[in-house]
Each structure stands twice: as C-alpha cells, then as structure tokens.
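Please read the structure below before turning to the comments.
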2 protein chains.
Amino acid sequence: MASTCKYGTLTSGLIRSLTEIVGEKFILTGEGRENYARDEAPHSISHLPEVVVKPAGAKEIADILLLANRHKIPVTPRGAGTGISGGAVPDLGGISLSLERMKKILEIDEDNFCATAEAGVSLNEFCSEVEKHGLYYPLYPGEMNSSLGGNVATNAGGMRAVKYGVTRNFVLGLEAVLASGEIIRSGGKYIKSSTGYNLTQLLIGSEGTLAIITEVTVKLIIPPGSRELLLVPFRTLSEAIGCVPAILKENILPVGIEFMEQDIFQMVEEQSNKRIPLQGYPAYLLIMLESEGIEEFHTQAECLTSVCLKNGAVDVFVPDSQRAKRNLLDIREKFYPTIQRSGMLDIADVVVPRSQIALFVEKVKEISQRFGIKVVAYGHAGDGNIHLHPIGSQKEYPRSKDLMVALYKAGISLGGTISGEHGLGKDKKKYLPLAASPEKLALMSRIKVAFDPNRILNPGKVID
Amino acid sequence: MASTCKYGTLTSGLIRSLTEIVGEKFILTGEGRENYARDEAPHSISHLPEVVVKPAGAKEIADILLLANRHKIPVTPRGAGTGISGGAVPDLGGISLSLERMKKILEIDEDNFCATAEAGVSLNEFCSEVEKHGLYYPLYPGEMNSSLGGNVATNAGGMRAVKYGVTRNFVLGLEAVLASGEIIRSGGKYIKSSTGYNLTQLLIGSEGTLAIITEVTVKLIIPPGSRELLLVPFRTLSEAIGCVPAILKENILPVGIEFMEQDIFQMVEEQSNKRIPLQGYPAYLLIMLESEGIEEFHTQAECLTSVCLKNGAVDVFVPDSQRAKRNLLDIREKFYPTIQRSGMLDIADVVVPRSQIALFVEKVKEISQRFGIKVVAYGHAGDGNIHLHPIGSQKEYPRSKDLMVALYKAGISLGGTISGEHGLGKDKKKYLPLAASPEKLALMSRIKVAFDPNRILNPGKVID
C-alpha cells in the first residue's frame with residue numbers, strides 16, 4: 001500500500017520552511033546526502049534522500065513532522081545508520097531525519113537506577129557515562145556505535161540475552177513525536193504500570209514507522225562482576241544444543257551461551273592469525289559467565305564442567321589468562337567480518353525455541369545442499385537466535401533469495417519467527433507474511449494507520 | 001464515546017445462536033447471572049449481564065464475537081473475577097464472557113523453560129503444576145485464585161517485582177480472539193523478536209478492551225532458594241525510603257522491599273492476636289530475600305544489616321524460626337483485609353519513582369488532613385508502587401472521590417502514574433486524563449478502534 005500511496009513533492013518552499021526549523025547549518029540538499037542513502041545492510045539498494053535534516057530536539061522534530069504530514073512527504077528517521085535491514089534507507093526519497101545532534105545524556109538517576117538520554121546518543125558514550133556513576137547498562141547488541149534510539153526502534157538484542165533479555169526489557173519510558181507533530185511521553189521511572197495501553201512497548205521495535213523516538217529512559221543495574229568464559233566442544237551440534245537446558249538448570253545464570261560449528265572457526269583461522277583452542281571438534285558452546293571474584297568463578301566453572309561432561313561434552317576449556325580470554329572473545333567478534341569478507345550474500349537472524357536449534361540447523365544444511373549455496377550458521381544457543389549467512393559469488397545472489405525464503409519457512413515451521421534482533425526494515429519486510437497471518441498483518445496495518453494516517457513515517461518498512 | 005455508542009439488542013434469536021455455540025449447559029440467562037455482576041472492587045456498582053456464556057475454547061469465542069460484532073452487543077470478558085477496579089463488571093449489560101471452563105494447562109516445556117495454558121486457569125493450579133516439573137513461575141500478585149489470563153489482561157504485579165518484574169516480563173506469547181472473530185497468535189517460545197509490532201506487549205494490560213486473550217505462554221525459571229525476611233525499623237519514613245538505593249547497590253537482589261508505617265501495624269494488632277516484633281517505630285522496611293541455604297542467608301543478612309544500620313535503621317529483626325517468619329508474613333497479608341474491615345472507602349495503587357515515596361506519602365498525609373479523611377499507605381518500596389486506602393464511614397464516601405483526585409495528582413506531579421498493578425477497569429478510567437495528555441488519549445482511542453471498531457469489547461473500561 002505504501003508504494004501506491006500518493007506522496008507530495010518536496011518543493012523549494014518546503015525546503016525553505018525546513019531550513020527555518022533546523023537552521024541552515026543543519027540541512028543538506030546537495031552533497032553529503034549520500035551518507036544518508038543506506039545503512040550497513042549488505043546488498044541493500046541505497047536511495048538518496050531529497051533532503052537531510054538534523055534537528056536539535058523534539059520540538060524541531062514536531063515542526064518538521066507537522067509540515068511533512070501536511071504535505072505528505074516521506075520521513076525516514078536515522079540513528080547511527082548501523083542497522084542491517086535497510087531500516088534507515090530513504091526508499092521513497094523525501095526527508096532523512098537524522099538524530100545525530102540529539103546526543104545529550106539528560107540524567108543519570110542513582111537513586112532510581114535509571115538514565116534518560118536523547119535518542120541519538122551512541123551506546124558507547126551512554127554506557128561510559130553510566131559507568132562513571134557506578135551503574136551499568138548491560139545490553140550489548142554487538143555494535144557500540146549504534147544509537148540508543150536505534151536500539152529501541154529495533155528492540156536490539158545481542159549476546160547477553162540469556163541473563164538480561166533484550167532492549168525491550170530495559171526501557172522504562174519514552175518521549176516520541178507522532179506523525180501529527182504531537183509530542184507524547186509514555187512510561188516513566190517505574191517498572192510497574194497498568195494505566196492504559198502500553199505505548200512504550202508498542203513503540204519499541206516499531207522501527208520508526210509509528211513515531212519518532214526522541215528520548216529514552218532505561219533501567220540500570222549495579223555493575224556485574226568480571227566476565228569469564230568456558231569453551232565446550234561436542235561431537236555433534238545436537239549434543240551441544242541438548243546440553244543447554246542442563247546448564248540453565250544449575251543455579252548459575254550465564255550471561256550468554258553461544259553455539260558455533262567447525263566451519264566458522266576454520267574461516268576465522270584462514271583469514272587471521274587467531275588459533276582456536278581445542279581445535280577440530282564439530283560443534284562448540286561458548287558459555288559467558290559473570291562472577292564476583294575468582295573463587296566464585298572456580299565454583300561456577302567446576303559445576304558447569306561437570307554438567308557439560310555429563311551431557312555429552314568432550315572437554316571443557318577454561319582460558320587461564322586475560323590474554324587467552326581476549327583471544328577467544330576476539331575470535332567470536334571476528335565471525336561477522338570474516339563472513340563479510342567471504343562473499344556474504346545475505347543475513348538472517350531467525351529465532352526458534354532454543355531446543356529446536358539443532359533441528360533447525362540440520363534443516364538449514366539440507367536447504368544449503370538443495371540450493372548449492374553454502375550457509376554459515378552460528379548464534380545464541382541460550383535464546384534460540386541464529387545468525388545465518390548464505391555465502392557465495394555475486395552470480396548466486398538472485399538464487400539466494402529463494403534460499404532465504406526456505407530458511408525462514410524452516411524456522412517458522414519449528415515455532416520460530418523471522419528476526420530475533422535485527423528488525424525487518426525494508427529488506428526483510430517481504431518475509432513478514434511468512435510469519436504473520438493475514439489477520440495479523442491487517443491488524444498491524446490498522447495500528448500503523450492509527451499512528452500515521454498519511455503513512456509518512458518510514459514508509460516501505462515493516463508493514464504497509 | 002462508548003456510552004454514546006449505539007449497541008444492539010440481545011434478542012431471543014441471538015440468545016438461541018449463543019446457546020448453539022456453547023451448549024445449553026454453559027449459558028445463563030436467568031438465575032446465576034448475579035455472580036457475574038461485579039468483581040472484588042469496593043463500592044463498584046454491580047450490573048447484571050443479560051447473558052453469561054462459558055465457552056470451551058478460542059473457536060467458540062470466535063463464533064461468539066462474530067455474532068456480537070455483527071449485532072453490536074457489548075462483551076465483557078471475565079477471568080476469576082478477583083479484579084479490584086471493576087474491569088469485569090458488565091456495565092452495559094450484554095454478554096459476560098466467562099473463561100471459567102478454559103483451565104487447561106497445555107504444555108510445560110522443560111527444555112525451553114516455558115509453559116502454555118488456557119487463560120482461565122487459576123494462578124494456583126498453574127503454579128503447582130509448573131512446580132511438579134521442577135520449574136517455577138515467580139509472579140505473585142497477592143491473589144492466587146486470580147486467573148492467568150486476568151493477570152495478563154491487567155499486567156498484574158505484586159510483591160516480588162524488585163527481582164522478577166511484572167507479568168509483562170514473563171509473557172512470551174499469546175493467543176487472542178479479535179472483535180471480528182479472527183484468532184491471532186503472537187510471540188512464541190522465545191525472548192527475542194523484532195518481527196513487526198509487538199502485539200503481545202500491547203495486549204498485556206489492555207484489560208480485555210482490545211481482544212480476548214485465550215491462551216498464554218510464559219517464561220519459567222528454576223525454583224529459587226528459601227524465602228527469608230528482615231524487618232528493619234526507622235525513625236522516619238523518609239529514612240526508610242532513603243535506605244532503599246543503598247540496599248539495592250549491594251550484590252544481593254531482594255525479591256521485594258515493602259514499606260509500612262506504625263498505623264497499619266496498630267490496625268492489624270487491634271483486629272487480630274498478631275504481635276509485631278520491634279514495636280513502636282514510625283516506619284519499617286520488610287526485606288524479602290531468596291537464599292540457597294542458611295549460610296548464604298547469613299552472609300546476606302549480615303551485609304544488609306550493616307547497610308541498613310549505616311543508612312538510618314534503628315535495628316534489624318531477623319526472624320529466628322519458621323514460625324516467626326510465618327508470623328511476619330501473616331501480618332503483611334492481613335493489611336488488606338484489616339483495612340477492608342475498617343471502612344475502606346476506596347483503593348489506589350499509585351506508582352511513583354521509588355525515591356519519591358517518602359515525599360509522596362508526606363503529600364498524602366497533607367491531603368488526608370485537608371479532607372479530614374484518614375488514608376492508610378503502605379506498599380512496595382523497591383518499585384515505587386504504593387497502596388492507598390481512604391478509610392471512614394459511608395457518609396464520607398462522596399467526599400473521598402475528590403480526595404482520590406488529589407492523591408492521583410500528587411503522584412503524577414512526582415513523576416508517577418495512576419495504577420501500578422490493579423488496572424483502570426471502569427472505576428479508575430475517569431482518572432486516566434490526569435496522567436495522559438489529550439494527544440495520548442486520542443491515540444489510545446484510535447488503537448482501540450483499530451482493534452475493535454464497534455467498541456464491543458469491555459466497553460466503558462480503560463479508554464473510550
């Protein structure tokens with residue numbers, strides 16, 4: 001529908017009005033716009049916005065939207081542009097609304113363990129400031145240059161979800177600007193609320209299609225102990241995945257449990273001078289723990305070693321130095337860039353019930369064989385979120401699209417869904433009908449219209 | 001608007017159709033309907049439904065709603081009827097849709113640590129079944145006869161929110177029937193999802209006004225250790241509240257931290273043979289802990305005792321027997337019935353940022369004096385949720401309405417909101433405009449219409 005929607009023209013008069021709102025220094029109509037034409041999605045078709053505006057705050061955004069709504073101009077919000085689903089690509093031209101100037105950390109509240117910041121602040125800056133106050137924000141979506149608002153818009157997850165959950169679980173309140181130019185606030189410095197519809201939770205993960213998130217209040221925790229690692233090899237992926245419930249039944253909640261197979265380790269070794277300890281096993285779990293001191297870690301490691309060995313593990317590797325630990329984490333962090341350099345055709349982050357991971361990866365291998373396209377799979381064994389990357393030469397790209405459909409269908413047939421943490425953006429939007437019934441799609445569409453009747457907000461993303 | 005909406009008439013033809021759907025045994029049109037005319041809200045005006053239907057599952061509910069929607073008949077869903085905001089009162093007559101037959105526990109999934117049940121199951125039955133499987137559902141909204149679906153519909157909270165949060169934090173997926181009779185599923189056995197709008201989170205806390213929740217999947221945890229208590233007296237409430245951040249900064253996350261003042265203890269003592277330990281102090285914190293064994297508890301108790309004494313506590317009482325612990329919990333559980341017997345005029349469960357509790361209670365006392373109506377306040381110091389009860393004779397009831405407005409305004413002025421866990425139902429709906437801007441109310445109203453264009457679902461509740 002969005003594509004058949006009639007949008008208005010961004011006339012020179014409108015550009016003059018936008019200039020008056022944000023100031024001449026903060027509007028681009030010529031050069032520089034190319035930096036706002038894409039995000040970090042591979043193969044996403046970039047598209048130049050007609051104009052880039054960089055408002056200083058919610059009030060300016062309200063004025064911009066008032067104008068855009070009146071004249072039906074598409075508005076694509078943009079945080080740090082680190083998304084990988086094409087969510088910030090101004091597909092239909094119009095206005096790219098960049099939050100890059102809205103980086104203020106407004107309050108770190110040490111009594112109520114929460115912080116409020118403008119949506120454009122980078123996760124990096126936000127976390128360092130929080131830590132200066134003796135508190136901690138544990139979400140780690142893997143990209144510390146992402147913006148806090150972007151994390152909220154996509155409900156970013158990451159490697160620490162077993163213990164901490166996802167962005168949704170930490171957001172207490174939001175300020176947002178509606179398409180009509182109205183500024184609303186939702187939630188506040190409290191966990192409990194049963195006071196009308198939870199707009200906070202609805203806006204989280206809506207990828208800028210319902211409103212522009214301008215300010216975020218998140219819950220903080222006290223800083224955790226030191227991070228420790230266990231690398232556990234298995235004879236089969238199925239045994240590795242089968243071990244996870246046994247680990248989680250101990251009274252030690254890991255921060256994360258990652259799974260990986262031999263292939264990704266080999267790729268990392270081929271492309272770097274990194275060497276993996278305990279080489280040559282078909283599958284591994286990487287268990288990340290938090291411990292208050294070495295004594296607690298020894299108790300935890302002893303307990304989990306025994307559990308893993310009882311549940312099919314061949315061995316357990318405990319890095320015995322900071323360097324060995326760093327080496328292991330570096331290898332994990334290299335998965336994505338290694339795959340990127342290997343001819344990555346696409347990205348998927350299917351989520352399935354965690355007990356189904358092994359079965360899902362089996363199906364992935366069948367599909368990979370059927371299409372004759374290599375697919376690397378690894379990810380979050382503790383929460384069922386699997387990263388999948390078809391790899392090959394450019395000529396295989398068109399065919400990889402059908403492979404993607406097959407991957408998604410396999411995940412959904414096992415009780416899963418399309419995206420665990422990346423969001424749909426424009427690239428994955430077409431797959432949503434695989435996971436959502438026509439009734440649900442129609443309902444989401446009505447919700448979209450309830451917020452944004454002229455469909456000016458991030459058109460072409462998530463839902464029509 | 002709801003009240004000016006034109007509803008249809010429940011003709012004998014329609015009642016025949018409803019009878020065909022649920023079967024003669026499961027429809028009431030005469031006697032017995034009085035049991036569906038109210039919930040447990042004090043002073044809520046009861047209203048007889050024209051008909052009570054007791055469907056066996058989502059399919060029957062879909063058929064009922066299809067009919068009701070076509071003929072614009074109000075439908076008031078009902079779980080266990082234990083709500084205290086009038087949410088299940090069929091204000092406009094029509095159909096009372098009772099989920100009392102939908103009590104099946106469909107699956108307890110030990111690998112994925114989750115369980116799925118029909119919405120009508122009681123929390124009591126659900127929790128015992130879960131525990132049989134070695135797992136645990138930690139939500140405790142204080143009423144174990146409430147239904148799981150009712151908990152979801154109101155986003156029930158309770159005394160354990162400091163550690164576990166509220167119902168919203170445990171729901172992974174839902175099945176629900178839309179007003180149009182369409183059955184949708186949302187979420188699943190996974191924590192991570194960034195796949196379209198989060199309908200699960202939107203339906204949680206919507207009090208039956210958006211859809212009828214028929215099935216719930218919740219996250220489970222491994223059973224916690226034994227529950228332990230510390231009772232900590234202070235010279236002022238302000239000192240007690242001021243101590244909370246210091247407690248939470250230790251590496252011991254209490255399950256809950258409750259505050260209470262002398263008056264409520266005196267009331268309990270006057271009405272029962274219970275005696276409170278460490279009598280005669282103006283204010284107390286009751287700290288609830290979970291410990292793996294006595295050794296851990298001793299370490300925790302020692303640490304928290306030292307923190308409390310350093311932060312204004314006069315003393316720390318640690319019950320030294322199961323009986324002493326039981327006595328203390330019994331006293332806490334008696335607060336509500338004691339107040340009920342003392343001429344409770346109303347109930348509020350305002351939530352404020354937890355650092356503002358003392359200031360809020362001070363304002364409550366000023367308001368109480370100004371109106372000449374006693375107000376008892378106690379509640380959840382760890383999460384800012386305060387229970388307030390104006391007490392007096394029936395002749396003070398009309399005046400207590402203005403007092404309620406003053407209480408809500410005071411809470412909102414401190415960054416809080418109307419209801420932390422009870423929901424708005426019909427009784428508190430009128431206060432929503434105190435907390436939500438006209439823009440936000442209008443948006444909620446458009447969301448309501450996106451789900452339920454004929455406004456048949458729980459009309460007169462939450463929002464028009």
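The values are calculated or read from the model by the stated rules, or taken from the named source; none is laboratory data. If you're wondering where the values come from, they're calculated on a predicted model, not measured in any experiment. Cβ coordinates were reconstructed from backbone atoms using ideal geometry, including for glycine residues, and neighbour counts include every protein chain displayed. What goes into the accessible areas is simple: the full protein's heavy atoms, side chains included, and nothing from ligands, DNA or RNA. Shrake-Rupley method; radii C 1.70, N 1.55, O 1.52, S 1.80 Å.
Here segment B:301-428 is treated with +1 on each Lys and Arg Cβ and -1 on each Asp and Glu Cβ, and its dipole about the Cα centre works out to around 340 debye.
At 1.4 Å probe size, with every protein chain present, just tell me what the per residue accessible area of the protein assembly as shown comes to in Å².
On the way: 33250 Å² over 928 residues.
On a per-residue basis, the protein assembly as shown sits at 36 Å².
Contact residues in segment A:243-266 (at least 10 Å² less accessible area with all protein chains than alone, 1.4 Å probe): A:245, A:248, A:249, A:251. Using the alpha-carbon centroid of each, what span in Å lies between segment B:353-413 and segment B:118-138? After rounding, the separation between the Cα centres reads 35 Å.
Label point of residue A:409 (7 Å along Cα→beta-carbon): distances to the other copies' equivalent points are 6.3 nm, sorted ascending.
Note on residue A:309: accessible area is roughly 80 Å² with a 1.4 Å probe, heavy atoms of protein only. Label-point spacing for residue B:275 across the identical copies (point 7 Å from Cα in the Cβ direction), in nm and ascending order: 7.4. Among the residues of B:440-450, the average count of other protein chain beta-carbon atoms within 10 Å of the residue beta-carbon is 6. Projected onto the charge dipole of chain A (+1 at Lys/Arg Cβ, -1 at Asp/Glu Cβ, origin at the Cα centre), which of A:307, A:114, A:236 gives the Cα projection farthest towards the positive end? The residue sitting farthest along the positive end of the dipole is A:236. Among B:117-123, A:62-68, the peptide with the highest mean count of other Cβ atoms within 10 Å heads the list, and the full ranking is B:117-123, A:62-68.
The packing ranking, built from the mean of other Cβ atoms within 10 Å per residue, places the peptides A:377-387, A:428-438 in the order A:377-387, A:428-438, highest first. Counting only residues at least eight positions apart within a chain, or on another chain, the aspartates and glutamates with an alpha carbon under 14 Å from that of residue B:132 are B:107, B:109, B:110. Computed on chain A, with alpha-carbon pairs under 8 angstrom and 6+ residues apart, the relative contact order is 17 percent. In segment B:223-336, the portion of solvent-accessible area held by carbon and sulfur atoms comes to 48 percent [1.4 Å probe, whole percent, DNA, RNA and ligands not counted]. The trypsin sites (Lys or Arg not before Pro) found in segment B:188-292 that occupy coil by DSSP, while having at most 13 further C-beta atoms within 10 Å, are B:235, B:275.
Within the P(r) computed for segment B:79-155, what percentage of the Cα pairs occupies the region above 16 Å? Intermediate results must be reported in sequence, preceding the final value.
Working: 1478 of 2926 pairs.
For segment B:79-155, the fraction of Cα-Cα distances above 16 Å is 51 percent.
Total buried accessible area between A and B, probe 1.4 Å, nearest 100: 6100 Å².
First check a/c for segment B:369-419, with a ≥ b ≥ c the square roots of the eigenvalues of its C-alpha gyration tensor; if it is under 1.5, answer rounded, and if not, answer prolate when a/b is larger than b/c or oblate otherwise.
Values: a/c = 2.63, a/b = 1.67, b/c = 1.57.
Since a/c reaches 1.5 and a/b is larger than b/c, the shape of segment B:369-419 is classed as prolate.
Highest mean first, the peptides B:125-131, A:196-202 sorted by other C-beta atoms within 10 Å per residue fall in the order A:196-202, B:125-131.
Ranked from shortest, the separations from the 7 Å Cα-to-Cβ label point of residue A:337 to its equivalents in the other copies are 6.6 nm.
Across peptide B:180-188, the average count of Cβ atoms from other chains found within 10 Å of a residue's Cβ is 4.
Inter-chain Cβ neighbour count for B:428-434, averaged per residue, equals 1 (cutoff 10 Å, partner chain atoms only). Computing Rg and the Kirkwood Rh from the Cα coordinates of the protein assembly as shown gives a ratio, Rg/Rh, of 0.96.
Taking amide H as placed 1.01 Å from N in the peptide plane, the amide H of residue B:379 sits under 5 Å from that of B:259, B:387, each at least 5 places away or on another chain. The accessible area of residue B:321, taken with all protein chains in place and a 1.4 Å probe, comes to roughly 50 Å². Under 17 Å from the Cα of residue A:395, which aspartates and glutamates turn up, not counting those fewer than eight places away in the same chain? By straight Cα distance, residue A:395 reaches A:346. The C-alpha radius of gyration of segment A:146-251, expressed as a fraction of 2.2 N^0.38 Å, stands at 1.41. Of interest is the spacing of the C-alpha centroids, which for segment B:304-321 and segment A:272-301 amounts to 40 Å. Looking at the square roots a ≥ b ≥ c of the eigenvalues of the Cα gyration tensor of segment B:36-138, which shape do they give, rounded for a/c under 1.5, prolate if a/b is larger than b/c, or oblate? It is oblate, given that a/c is not under 1.5 and a/b is not larger than b/c.
Projecting the Cα atoms of B:388, B:13, B:319 onto the charge dipole of chain B, computed from C-beta unit charges around the Cα centre, puts B:13 farthest toward the positive end. From the square roots a ≥ b ≥ c of the eigenvalues of the alpha-carbon gyration tensor of segment B:212-337, which class results: rounded (a/c under 1.5), prolate (a/b over b/c), or oblate? It comes out oblate by the Cα gyration axes. Per-residue ellipticity at 222 nm, computed for the protein assembly as shown from helices alone with -39500 (n - 2.57) per DSSP H run of at least four residues, works out to -10500 deg cm²/dmol. Scanning residues 5 or more positions from residue B:114 or on other chains, those with amide H under 5 Å from its amide H are B:109, B:220, with H placed 1.01 Å from N in the peptide plane. For chain A, the alpha carbon positions stretch 70, 56, 43 Å along the principal axes, listed from largest to smallest.
In debye, nearest 20: dipole of chain B around its Cα centre with unit charges on the Cβ of K, R (+) and D, E (-)?
Values: 51 positive and 53 negative charges, 277 e Å.
It works out to roughly 1340 debye.
Beyond a 26 Å Cα-Cα separation, which of these cross-linked pairs lie in this structure: A:54/A:189; B:274/B:428; A:103/A:219; A:219/B:429; B:334/B:409? Check vs 26 Å cut-off fails for A:54/A:189; B:274/B:428; A:219/B:429; B:334/B:409.
In what order, largest first, do B:316, B:52 sit by accessible area if the probe radius is 1.4 Å?
Details: B:316 25, B:52 0 Å².
Order by accessible area, largest first: B:316, B:52.
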